[in-house]
Amino acid sequence: MAEHDNWDAHWDNYAAAASRNPAQQMRHALIARLLTGERDAGPRKILDLGSGQGDLLEKLHARLPTAQLLGFELSARGVEISRAKVPEGIFLVADLFQPPPELAGYRGWATHAVCSEVLEHVDSPVDFLRAASPSLAEGARLIVTVPGGPMSAFDRHIGHRQHFTRESIGRVLSDAGFDVERVYLSGFPFFNLYRCVVIARGEKLAADVDRGGRGWSRALADATMAAFRGLFRMNLTDSPFGWQVLAVARKRGAG
């Protein structure tokens, strides 16, 4: 296993930083807005594909308290953190390419699924979504977020294989058996500016995060993230220039 694919170590190193990250908070707010904005959605069964440390399902539980929540996560450490954070949810350690027996009980389960900042980490996004598809009901709604724009040294450090465009994520979803409803390019201008800071910091950012941040470095990082959290309220949800790719699709029927 490559070091950047050791997800137990990843969540040990990055759990706190990920929770404070304004980019993650922006993505989760966009996802929550899409899910809560549905009319006549009926009972929701929400599956988080690559549920990490449970931050998204924690937010969704607060916004949709009657929804059933399920997380599939490769990392046992991520599942441990998630279960403590969201005791109302069910979290399973699951390699979708070698699914554990427990997944059979959730065949066709999800009315809604989210796959946020996962596909850039896998060698074949199409195969990953095909492997996830049996857990989704026919016609289930899928929300995907993936990074767009240039790749930074920090992105490579944490295992990004590729970034996406409106066209490339549309092809991935279609090839995996989903009908694309809409693809947004979100985050212009301030998320793009934030990404430029990440790109400029390069390997120094990776070293800072690996050390957990100390002293002035941590204080400066916290101040910068707080400033961007405020600026992100003025981002455009969709424009030709946004570097946060957000796609909404439906699982095709058997026919």
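The values are calculated or read from the model by the stated rules, or taken from the named source; none is laboratory data. From a predicted model like this one, the values you see are computed outputs, not experimental measurements. Positions of Cβ are backbone-derived with ideal geometry, glycine not excepted, and every protein chain shown enters the neighbour counts. With ligands, DNA and RNA removed, areas are computed over all heavy atoms of the protein, side chains included. Shrake-Rupley method; radii C 1.70, N 1.55, O 1.52, S 1.80 Å.
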Checklist entry - Among the residues of segment 64-76, is there at least one that is at pLDDT below 95, closer than 24 Å to residue 155 by Cβ and in a helix (DSSP H, G or I)? => result no
Next on the checklist: Every residue in segment 54-66 that is open to solvent by 10 Å² or more (accessible area, probe 1.4 Å) and touching a residue at least 24 places away in the same chain (Cβ under 8 Å), please.
Outcome noted: 55, 58, 59, 61, 63, 64
Checklist entry - Is it true that some residue in segment 81-94 is surrounded by fewer than 21 Cβ atoms within 10 Å (Cβ to Cβ), modelled with pLDDT of 95 or more, in contact with a helix residue (DSSP H, G or I) (Cβ under 8 Å, 6 or more places away or on another chain) and under 25 Å from residue 248 (Cα atoms)? => result yes
Checklist outcome for this item: Per the filter on segment 162-171, residues open to solvent by 20 Å² or more (accessible area, probe 1.4 Å) and in a helix (DSSP H, G or I) are 166, 167, 168, 171
Checklist outcome for this item: Here the residues within segment 125-142 that are surrounded by 19 or more Cβ atoms within 10 Å (Cβ to Cβ) and part of a strand (DSSP E or B) are 136, 140, 141, 142
Checklist entry - residue 159 fails exactly one of the following numbered conditions: (1) at pLDDT below 95; (2) open to solvent by 60 Å² or more (accessible area, probe 1.4 Å). What is the number of that condition? => result (2)
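Condition check ((1) modelled with pLDDT under 95; (2) among the polar types (S, T, N, Q); (3) touching a helix residue (DSSP H, G or I) at 6+ places or on another chain (Cβ under 8 Å)) across all residues:
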| position | (1), (2), (3) |
| --- | --- |
| 8 | yes, no, yes |
| 18 | yes, no, yes |
| 36 | yes, yes, yes |
| 47 | no, no, yes |
| 56 | no, no, yes |
| 61 | no, no, no |
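Would you be able to tell me the number of residues in segment 106-124 that are over 10 Å from residue 161 (Cα atoms) and assigned to a helix (DSSP H, G or I)?
Qualifying residue count, segment 106-124: 1.
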Checklist entry - Can you spot a residue in segment 208-221 that is modelled with pLDDT under 80, among the β-branched types (Val, Ile, Thr) and part of a helix (DSSP H, G or I)? => result yes
Checklist outcome for this item: Picked from segment 123-172 (must be touching a residue at least 40 places away in the same chain (Cβ under 8 Å) and of a type in the set (S, T, N, Q)), the residue farthest from residue 103 (Cα to Cα) is 152
Checklist outcome for this item: Checked segment 67-80 for anything under 22 Å from residue 124 (Cα atoms) and either touching a strand residue (DSSP E or B) at 6+ places or on another chain (Cβ under 6 Å) or open to solvent by 70 Å² or more (accessible area, probe 1.4 Å) (or both); matches are 71, 72, 74
Checklist entry - Does segment 173-186 include one or more residues that are surrounded by 15 or more Cβ atoms within 10 Å (Cβ to Cβ), in contact (Cβ under 8 Å) with a residue 12 or more places away in the chain and part of a helix (DSSP H, G or I)? => result yes
Next on the checklist: Whether any residue in segment 40-50 is under 18 Å from residue 247 (Cβ atoms) and part of a loop (DSSP other than H, G, I, E, B) is what I want to check.
Outcome noted: yes
